[in-house]
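Structure first, then comments.
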Amino acid sequence: MRKAIGIDIGGTYIKAGCTDESGNVLKKQQFPTLAEKGSRDIVLKQIESAIEFAMDGLDEQPAGIGIGTPGIVDNEGVVFEAPNIPGWNNLPLKKAFSEKYKLPVVVENDVNSITWGEFLYGAGKGYNTIICITLGTGVGGGIVKDGKLMRGSKYSAVEIGHIPIDYKGPQCKCGNYGCIERFVGRDYIVERAIKAIKEGKKTLIYDIVEGKIEDITPKIISDAYKKGDIVARDIWIDVGICLGALFSGLVNLLNPDAIIIGGGISKNVEVMFETIEETIKKRAMKILAKDVKVLPSGLGMDAGIVSAGALVFQK
Ligand SMILES: [Zn+2]
């Protein structure tokens, strides 16, 4: 079975592994990104160590190297505008490593990469068209349409987090107004809890953080929700309505089989998944929304490595 090298670049760690065509991880390790050193050469060196670790001891040449990276990636594998990694702009990542290792190198935006992994091995397996988002500090997204990872004409695109749902909404850090990220990004979910507490609403969230509202995280809001807290439940319902509004537009555009939601924030928050599905069914064109499923991500801990390796196996 063919093997691939999967490299998942994050702001804190570079995760590296050797994967096979069935999505198994044969070996893996993580390396500090060292982004804080402020030098792209240092980060490149770390990626090199990661690739060398993953290739070490292989009895055959891998099919290629797949790299998932933050930022926008053009068709030549040049990275632009990666947040959290200094110097990660106008960086010819593909060229650098294909010349060095004489192997095919596929570079893709990290969430596009995860979407491809979900399609091949995760919750999207067996479907034709899927939309995938990851909820975290930011909101990332990817689309597989008719079995192919969707890209723009020249760049990776599919920046679902920066699709506006409210043209009069608050300004997003990208400069636009009312982007979905501005409503369901980590800080904005937390903001809802702080507002409720300041309005004098009684909530377990306040008790869990013992009054230190700066300690509130989405995880704490979901803990409170699981204990039956009404304020926490209302927050997840509102997050679900925002996402449902976004997806009703995307369902009308693409008629997907499944919408997959990943990222630690959404874990086990059933009411949010239910609300997203209800909102889509209410707002999207009935026939297009009829069969769409809203699912949690199906890849486990090694999602980044498996997905990056899978990039090499694109049809
Ligand atoms: Zn935005």
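The values are calculated or read from the model by the stated rules, or taken from the named source; none is laboratory data. Quantities reported herein were computed from a predicted structural model and do not represent experimental measurements. Cβ atoms come from the backbone with ideal geometry, glycine included; neighbour counts cover every protein chain shown. In case anyone asks, the SASA skips ligands and DNA or RNA and just uses the protein heavy atoms, side chains included. Shrake-Rupley method; radii C 1.70, N 1.55, O 1.52, S 1.80 Å.
Listed values, structure above:
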read-out	value
Conditions (1) surrounded by 18 or more Cβ atoms within 10 Å (Cβ to Cβ); (2) under 30 Å from Gly161 (Cα atoms); (3) not basic (Lys, Arg); number of the one not met by Leu44	(1)
Scan of the range 150-175 for residues that are more than 8 Å from the ligand (Cβ to nearest atom), open to solvent by less than 30 Å² (accessible area, probe 1.4 Å), of a type in the set (A, V, I, L, M, F, W, C) and part of a loop (DSSP other than H, G, I, E, B), ordered by number	Val158
Single residue of the range 176-198 satisfying the filter (of a type outside the set (Asp, Glu) and over 21 Å from the mean Cα position of the chain (by Cα)) that is nearest to the ligand (Cβ to nearest atom)	Tyr177
From the options Ile143, Ile133, residue that is over 11 Å from Ser307 (Cβ atoms), within 16 Å of the ligand (Cβ to nearest atom) and not aromatic (Phe, Trp, Tyr)	Ile133
The range 72-86, residues that are open to solvent by 40 Å² or more (accessible area, probe 1.4 Å), in contact with a helix residue (DSSP H, G or I) (Cβ under 9 Å, 6 or more places away or on another chain) and closer than 23 Å to Lys37 by Cβ	Asn84, Pro86
Tabulated pairs, the range 161-185, first farther than 23 Å from Lys219 by Cα, second more than 8 Å from the ligand (Cβ to nearest atom) and among the charged types (D, E, K, R), C-beta under 6 angstrom, 6+ apart or interchain	Gly178/Asp166
Filtered residue count, the range 175-213, keeping only those that are within 20 Å of Val239 (Cα to Cα) and of a type in the set (Asp, Glu)	4
In the range 263-313, the residues that are touching a residue at least 60 places away in the same chain (Cβ under 8 Å), open to solvent by less than 20 Å² (accessible area, probe 1.4 Å) and more than 18 Å from Gly23 (Cα to Cα)	Ser266
